[in-house]
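Here the structure comes first, spelled out in structure tokens, and everything after it is commentary.
The values are calculated or read from the model by the stated rules, or taken from the named source; none is laboratory data. Just so we're clear, the structure is a prediction, and the values are computed from it rather than from any experiment. Every residue, glycine as well, gets a Cβ built from its backbone with ideal geometry; the counts of neighbours run over all protein chains shown.
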Amino acid sequence: MSDPVRLARRVIELTGCSRADAEQYIKGGWVSVDGAVVEDPAFRVTTEAIEVDPAAQLAAAEPATILLHKPAGYDTISGPQPAAPLVQPDTRWPEDPSGVRMLQRHFHRLTPLVPLDAEASGLMVLTQDGRVWRRLTEDRDGIEQEYIVEVSGELSPWGLARLNHGLEYGGRAIPRCKVSWQNEIRLRFALKGVQGGQLRHMCAEVGLEVVAIRRIRIGRIALAKMPVGTWRYLPVGERF
């Protein structure tokens, strides 16, 4: 039996490329060992079948940003039931239109952003990209978010006008919102600077009880038709 060697060395032998290029091919997910993709250049191999994808490219893989349809009952930023572990290879939305190649490295060091109440469902963002982190952290209060809120009860007189402008939360005036009926039991909220518990408070102030909350948009990025519990990539070049 041959002595184990680094996978990068075998790729060099197969392709005649440099060590740096061999490691880049492996990190980019272009190399398989006995049919399974391996992304670690130091992975030890002996007599296994090594294949380099004919379409292999040397361009470095972009850091991933993942859009998850968070189920109700899961925490976004912190809490006993974090939603981040729901992001797994087998929960990727089969109809993900991003075209991004899935790599194991995309599931490491994902930072959740833009809080969403645990009892709410909808669009959640996790990223490895410092540019996305800065945008959704430093500029978050200036980015409009959109929610569908299912309610029960009877709306008080002038209640819709008050939802749009005139309420307070946490001792501060709530910035002007865009609130309208989607149907007889659901309100559509579009607002900036939303805080935890704010939508429930707003509805209670006008005689309504919240049944369910779903976030459907953050900035220019929409939840679309992605099923609950699945995720997709944010395509390279798209911005919030």
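Exactly one residue out of GLU119, GLU168 is in contact (Cβ under 8 Å) with a residue 60 or more places away in the chain and either over 26 Å from VAL37 (Cα atoms) or not assigned by TED's automatic domain parsing to the domain that holds ALA204 (or both): that is GLU119. Looking only at residues in segment 188-209 that are more than 27 Å from THR137 (Cα to Cα) and crowded, with 20+ Cβ neighbours inside 10 Å, the one that is nearest to the chain's Cα centre (by Cα) is LEU208. The set of residues in segment 98-116 that are surrounded by 20 or more Cβ atoms within 10 Å (Cβ to Cβ) and not aliphatic (A, V, I, L, M) comprises HIS106, PRO112.
Elements of the type strands (runs of 3 or more DSSP E) sitting completely within segment 118-214 and holding at least 3 residues that are farther than 29 Å from ARG92 by Cα: these cover 145-153, 178-183. Only a single item in (1) in contact with a Gly (Cβ under 7 Å, 6 or more places away or on another chain); (2) buried (at least 16 other Cβ atoms within 10 Å of the Cβ) is not met by THR91, and it is number (2).
The set of residues in segment 72-86 being in contact (Cβ under 8 Å) with a residue 12 or more places away in the chain and closer than 11 Å to ASP117 by Cα consists of ALA72, GLY73, TYR74, ASP75, THR76, ILE77, GLY79. Selection of segment 1-17 for residues being in a loop (DSSP other than H, G, I, E, B) and either closer than 24 Å to GLU62 by Cβ or without any contact (Cβ under 8 Å) to a residue 40 or more places away in the chain (or both) yields GLY16, CYS17. Comparison of ALA20, ALA59, ALA84 shows that the only residue that is out of contact with any Lys or Arg (no Cβ under 6 Å at 6 or more places or on another chain), surrounded by fewer than 16 Cβ atoms within 10 Å (Cβ to Cβ), closer than 30 Å to MET124 by Cα and aliphatic (A, V, I, L, M) is ALA59.
When restricted to residues that are part of a loop (DSSP other than H, G, I, E, B) and not β-branched (Val, Ile, Thr), segment 84-117 contains 17. At least 1 residues being hydroxyl-bearing (Ser, Thr, Tyr) and in contact with a strand residue (DSSP E or B) (Cβ under 6 Å, 6 or more places away or on another chain) is the threshold, and among the strands (runs of 3 or more DSSP E) wholly inside segment 18-74 those reaching it are 31-33, 65-70.
Only one entry of VAL45, VAL38 meets the criterion of being surrounded by 17 or more Cβ atoms within 10 Å (Cβ to Cβ), of a type in the set (A, V, I, L, M, F, W, C) and under 28 Å from VAL236 (Cα atoms), and that entry is VAL38.
For ASP34, the conditions (1) of a type in the set (Asp, Glu); (2) at positive phi; (3) modelled with pLDDT of 95 or more are fulfilled apart from (3).
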